[in-house]
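Down below is the structure, laid out as C-alpha cells.
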Amino acid sequence: MAAVIRWASLRKQPTRDRLRCMCICGRVVDRDLSSPGQNDVRGRDRASRPRNRSSARETRSPAVGSRRGGAPTMADLVATHTHSCRNAESCRNPESSTGGESFVSPTDVRRGGPPAGEPDGHALANVARELHRHHTSVQRTLGAITSAALRIVPGAEGASTTMLLGRGRTRFDAPTDPLAAAVDDIQRDVDDGPSLRSIRENETVLVRDVRTENRFPSFTAVALRHGAIRSILSLTLDTGEALLGAMTVYSRTPGAFGTSSVDTSTALAAHAALALVHSSHEEQFVLALASRDTIGQAKGMIMERYDTDPQHAFDMLAAISQETNTPVNVLADRLTHRERSRANR
C-alpha cells in the first residue's frame, strides 16, 4: 500500500512541528513531532527501542525504523502511517470516519471509464477493428461508420454520411433510420444544412437546437415543419490530405451533444476517413483486376477473329473506345458479355 507524505507548517509556532500524512484511504492524519507522546513518531520510536541490538532486530516494529537520535526518515513515516492505517477501523471502513480532511487521488477519478470529455478508448478500438473488417467495400464501410456513430457518440439517435463526389457534387448515404434519411432529403432539396456546410467550410458544425438556429434558415424552416430533429452535429471526414465528406449525428433532444459528443465524434471521424480511403483503394484494386481479366478476354476474342497479335487487338479496342467515348474496360465487358450470350444460345 502506498502513502503520500508531505510536510506542512499548520501553525506558525516555533515549538511545534506537525506532519500531515495522507494514506491511500483518503484520510489525513496530523502528527506532532516536537515532543514525545501518543502521536510523536520519534518519541514512540525511542520509547519502544530495545536495549539489546540483537533483540532489536527481532522485536522492532516493521512500521518504525528511524535513525538514532534524529528525525524519522521519509520511509519510516510512510511505513508508520501505512501500518497504523491498515489496523484502523476508519481505514477499513471509510464510511465510519468522521472529521479530518479528505483527498481524492487522481488515479481514483472515474476508475470505471475515461475522464469526462474524453472518448472511450476501448470503444474506439473496437470500431477501428470493425471498420477494418469492412474495408473491401466503400458502401459497407459507410454503413459501419454510421452504425458506430449511433453506438458510441453520446446523445446520438440517428446518423448518416455525406460523400463529396467532386465538382461540388455530394451524395447522402448510409442513414441509420428513416428520420436521418428525411433530414438528408431536406438538406439535398434546399442545398444547405449542417452536413453540406461542414463540407463546404471544412469545419465542425454543431446545432444545439434547430428552433434557435439561424445559420441556414432554408434548412431549419423545413426541418421545423418535420418537427422531430432538434440537435445536429456534423464533422468532416478528412484524412489531412483529402476531404472525403462528412459524418452527421442527430437527436430529438435539444442540447444533446456536448463536449464528450464532439470529442468522440472527432476521433471516430478520423478513423472513418482512413477506413474509407483504404476501402476505396481496395475496391479499385479489385475492379482493376476484374477489368484486366475482362480486357484480356476481349483481346483474345479479337485476336482469334481477326488473326492478329495482342498489341494490335488492344489498339483496336482503344480506337473503338475513343470513337464511342466508352471506357476500355466497359467496352471489353460488353464484348465478352455478348460473346457469352451468343455461346449460350
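None of the figures in this text is laboratory data; all of them are computed from the coordinates on show. For clarity, every value in this text was computed on a predicted model and none was experimentally measured. Note that we place each Cβ from the backbone using ideal geometry, even for glycine, and neighbour counts take in every protein chain shown.
For this structure, a couple of remarks:
- Karplus-derived 3J(HN,Hα), 6.51/-1.76/1.60, for each residue of region 199-207, Hz, glycine and proline x: 5, 5, 9, 6, 8, 7, 10, 10, 9
- The alpha carbon gyration tensor of region 185-226 gives principal lengths a ≥ b ≥ c with a/c of 1.5 or higher and a/b no greater than b/c, which makes the shape oblate.
- Summarising the amide proton neighbourhood of Thr239: residues at separation of 5 or more, or on other chains, whose placed amide H is nearer than 5 Å comprise Leu244.
- Spin-label model distance (nm) - Ala228 vs Asp177, 7 Å beyond Cα toward Cβ: 0.7
- Estimated inter-spin distance, Gln139 and Thr326, nm [label 7 Å along Cα→Cβ]: 2.4
- Across region 321-337, coupling constants 3J(HN,Hα) worked out from phi with the 6.51/-1.76/1.60 Karplus curve, θ = phi - 60°, read 4, 5, 5, 9, 6, 10, x, 4, 5, 5, 4, 5, 5, 5, 5, 5, 5 Hz, and Gly and Pro carry x.
- Order by protection proxy (mean Cβ within 10 Å, highest first), peptides 319-332, 169-182, 195-208: 195-208, 169-182, 319-332
- Cα gyration tensor, region 239-331 - rounded (a/c under 1.5), prolate or oblate: prolate
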